């Protein structure tokens with residue numbers, strides 16, 4: 001039972017000509033949402049996140065800085081821009097994930113949600129916009145779930161870039177497990193195997209840094225381990241940063257993941273949700289900059305989320321896993337004291 005939260009307003013966030021995070025990405029999302037609706041799926045308009053909801057993750061001073069960009073085109077850093085409508089569109093992106101959380105927590109077991117949004121969010125830090133991101137949509141959603149009374153939330157991030165903003169938000173928090181696979185070394189330079197948390201949060205950050213060129217088989221192997229950690233943590237809700245820029249056709253990443261494998265990755269996490277938290281899962285779009293690959297990967301993820309494509313229906317990839325093995329060998333000494341790997 002999947003509900004998609006999206007809006008044609010996500011096309012109102014404008015970036016400079018040639019920027020990879022472009023308006024056409026929103027148009028792809030609307031096409032995919034329209035297909036889902038025509039097949040009988042539920043598509044809902046999101047709401048704006050409130051300042052109080054944003055302030056669970058971001059400093060008030062930073063929120064004021066972003067609010068002041070309303071009505072103007074500005075450059076927040078060399079990669080991250082606003083346009084006159086961006087402030088409200090970014091609030092709507094965060095609000096879409098919040099609406100997804102509210103939906104799955106209030107619906108019957110097995111409810112799932114997908115927020116198809118832009119701008120993306122996982123690079124945004126407490127007081128800093130970066131990497132095309134203004135508000136950290138998934139971190140705001142996790143904080144919202146905790147505020148609603150959940151004691152344990154897990155975040156899984158399969159974007160090709162490390163979600164630095166998400167990691168730092170919960171780095172010392174044992175109530176939020178953060179699992180990330182990412183190309184390494186690569187932008188933004190964080191996410192080393194030894195980054196496992198701080199203070200009370202040690203062990204609750206699990207980074208799987210992989211060399212460029214990782215394939216479907218590499219990701220399959222890594223996510224077998226990641227799913228095992230999820231099951232040991234037993235969250236009450238799983239959130240997914242669904243970035244598709246590890247796709248073999250993506251112009252920014254250097255990975256070789258195929259479209260069907262994004263369905264498998266999503267299905268692996270969804271199966272863990274079925275076992276741990278009555279299927280409750282909310283995914284939010286992050287990167288993915290080849291338009292055809294973005295469309296196909298969204299469709300593959302939707303099939304896994306709505307149950308029309310089961311994990312057993314998707315052929316497991318075969319092949320060399322040396323990049324995955326290297327990542328697991330690097331991670332194991334740091335995580336084995338906390339989790340059975």
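The values are calculated or read from the model by the stated rules, or taken from the named source; none is laboratory data. Quick caveat, the model's predicted, so the values are computed rather than measured. Note that each Cβ is placed from the backbone with ideal geometry, even for glycine, and that neighbours are counted across all protein chains shown.
If you scan region 20-44, which residues turn out to be under 27 Å from residue 309 (Cα atoms) and outside any helix (DSSP H, G or I)?
39, 40, 41, 42, 43, 44
A quick yes/no check of all residues on (1) part of a strand (DSSP E or B); (2) within 25 Å of residue 258 (Cβ to Cβ):
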position	(1), (2)
114	yes, yes
122	no, yes
142	no, no
151	no, no
161	no, yes
167	no, no
173	no, no
177	yes, no
181	yes, yes
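Here's the yes/no breakdown for (1) in contact with a helix residue (DSSP H, G or I) (Cβ under 9 Å, 6 or more places away or on another chain); (2) closer than 29 Å to residue 167 by Cα; (3) part of a helix (DSSP H, G or I):
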{"position": "4", "(1), (2), (3)": "yes, yes, no"}
{"position": "11", "(1), (2), (3)": "yes, yes, yes"}
{"position": "18", "(1), (2), (3)": "no, no, no"}
{"position": "46", "(1), (2), (3)": "yes, yes, no"}
{"position": "53", "(1), (2), (3)": "yes, yes, yes"}
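If the requirement is being within 22 Å of residue 51 (Cα to Cα) and in contact (Cβ under 8 Å) with a residue 24 or more places away in the chain, which of these qualifies: 117, 104?
Selected residue: 117, the only one of 117, 104 that is within 22 Å of residue 51 (Cα to Cα) and in contact (Cβ under 8 Å) with a residue 24 or more places away in the chain.
Name the one entry in 147, 115 that is crowded, with 20+ Cβ neighbours inside 10 Å, modelled with pLDDT of 95 or more and under 30 Å from residue 46 (Cα atoms).
Among 147, 115, only 115 is crowded, with 20+ Cβ neighbours inside 10 Å, modelled with pLDDT of 95 or more and under 30 Å from residue 46 (Cα atoms).
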